[in-house]
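Have a look at the structure below before the remarks.
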Amino acid sequence: MNYLRSLFLNFLVVFFVDRISPGVEIIYFEQIPDIGADILFSILVGFLNASIFPFLMILELNPSKTKMAIMSLCVSYGAFIVISMIPFGIQVTSPAGVLVGGTLVWAVAYFTNYLEYKHYSRMNQP
């Protein structure tokens with residue numbers, strides 16, 4: 001159940017950052033109604049951020065706070081850098097979009113993975 005909460009929270013943060021963050025705008029096509037590129041982007045980045053701790057556990061890489069922070073930083077900022085270079089319905093128009101969007105998404109991604117890490121640690125203590 002923790003994973004589903006983490007996935008939902010990460011999705012919501014990315015979705016609202018896309019809508020509210022300065023320097024990030026949603027492109028509406030003239031001929032096509034809103035096809036939900038922002039929702040697709042939010043689901044994808046939310047899934048990747050929510051899967052960091054389970055991914056480390058599956059690969060048996062001994063999850064640590066540092067590994068989770070670095071991986072969530074790469075996913076969060078990487079996603080906003082990619083959409084700044086290749087807009088596919090969402091476009092980053094200024095460096096502030098990458099900075100603000102990446103930071104907010106990274107903070108929540110690290111927090112949710114940290115909570116999963118703490119929950120796992122408590123469950124596996126003797």
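None of Lys65, Lys118 is surrounded by fewer than 17 Cβ atoms within 10 Å (Cβ to Cβ), of a type outside the set (Phe, Trp, Tyr) and touching a residue at least 24 places away in the same chain (Cβ under 8 Å) except Lys65.
Would you say Phe53 is in contact with a strand residue (DSSP E or B) (Cβ under 7 Å, 6 or more places away or on another chain), closer than 17 Å to Asn10 by Cα and surrounded by 21 or more Cβ atoms within 10 Å (Cβ to Cβ)? Against the criterion (in contact with a strand residue (DSSP E or B) (Cβ under 7 Å, 6 or more places away or on another chain), closer than 17 Å to Asn10 by Cα and surrounded by 21 or more Cβ atoms within 10 Å (Cβ to Cβ)), Phe53 does not qualify.
Within the range 4-16, the only residue that satisfies the criterion of being surrounded by 23 or more Cβ atoms within 10 Å (Cβ to Cβ) and closer than 10 Å to Asp38 by Cα is Val14. Among the numbered conditions (1) in contact (Cβ under 8 Å) with a residue 40 or more places away in the chain; (2) surrounded by 18 or more Cβ atoms within 10 Å (Cβ to Cβ), the only one that Ala96 does not meet is (2). Scanning the range 113-126 for residues that are in a helix (DSSP H, G or I) and out of contact with any Pro (no Cβ under 7 Å at 6 or more places or on another chain) turns up Asn113, Tyr114, Leu115, Glu116, Lys118, His119, Tyr120, Ser121, Arg122, Met123.
Computed from the coordinates by the stated procedures, all read-outs in this text should not be read as laboratory data. A quick note: this is a predicted structure, and the numbers were derived from the prediction, not measured. Because the Cβ atoms are built from the backbone with ideal geometry, glycine has one as well, and the counts that use them run over all protein chains shown.
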